[in-house]
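*Asks:* First the structure, then my questions, so here it is.
The values are calculated or read from the model by the stated rules, or taken from the named source; none is laboratory data. Here the structure is a predicted model, which means the values were calculated and not measured. Counting neighbours? That spans all protein chains shown, and the Cβs are built from the backbone with ideal geometry, glycine included. To get the accessible areas, we keep the full protein, side chains included, count just its heavy atoms, and leave off ligands, DNA and RNA. Shrake-Rupley method; radii C 1.70, N 1.55, O 1.52, S 1.80 Å.
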Amino acid sequence: MDTSLIAMNDEANRIGSERLLTQLREEGLVYRLWVTGTAKGSRLHMQVNGLDDELEDRLVRVLRGRGMHLDIQPLTP
């Protein structure tokens, strides 16, 4: 996969993930999200305000199955 195709795939994965998170945003979720990728796969990175085990579990349930590794961390100021 060339770099332009990887970049397009990352952007499509970011947009799709943002759409999946709509309900949580409406409930007040504050986060930063970005996707990085290589020819071998993509990784979704999230930094989440107020992250605890319950919220992380909910995020994983919403985002899993998208073919990306998930990297979910607390949002630090």
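*Asks:* Does segment 21-41 contain any residue that is farther than 20 Å from P74 by Cβ and among the acidic types (D, E)? It would help to see each step written out before you state the result.
*Replies:* Quick first cut of segment 21-41, residues farther than 20 Å from P74 by Cβ only: 22-23, 26, 37-41.
Filter once more, keeping what is among the acidic types (D, E): 26.
Scanning segment 21-41, I find at least one residue that is farther than 20 Å from P74 by Cβ and among the acidic types (D, E), so the answer is yes.
*Asks:* Scan segment 1-28 for residues that are farther than 16 Å from M68 by Cβ and either assigned to a loop (DSSP other than H, G, I, E, B) or open to solvent by less than 80 Å² (accessible area, probe 1.4 Å) (or both) and jot them down. Please lay out each step first, then the result.
*Replies:* First, pick out the residues of segment 1-28 that are farther than 16 Å from M68 by Cβ: 2-4, 22-28.
Result: D2, S4, T22, L24, E27, G28.
*Asks:* Sticking with this one: Out of the residues in segment 29-40 that are in a strand (DSSP E or B) and open to solvent by less than 30 Å² (accessible area, probe 1.4 Å), state the one that is modelled with the lowest pLDDT. Lay out the reasoning, then the answer.
*Replies:* Step one: list which residues in segment 29-40 are in a strand (DSSP E or B), which gives 31-38.
If we keep only those that are open to solvent by less than 30 Å² (accessible area, probe 1.4 Å) too, we end up with 33, 35, 37.
Values: L33: 97, V35: 97, G37: 94.
Residue satisfying both the conditions and the ranking: G37.
*Asks:* Any idea which residue in segment 56-75 is surrounded by the fewest Cβ atoms within 10 Å (Cβ to Cβ), counting only those that are basic (K, R) and assigned to a loop (DSSP other than H, G, I, E, B)?
*Replies:* From segment 56-75, those basic (K, R) are 58, 61, 64, 66; that's our starting set.
Retained after the next criterion (residues that are assigned to a loop (DSSP other than H, G, I, E, B)): 64, 66.
Details: R64: 10, R66: 15.
The qualifying residue surrounded by the fewest Cβ atoms within 10 Å (Cβ to Cβ) is R64.
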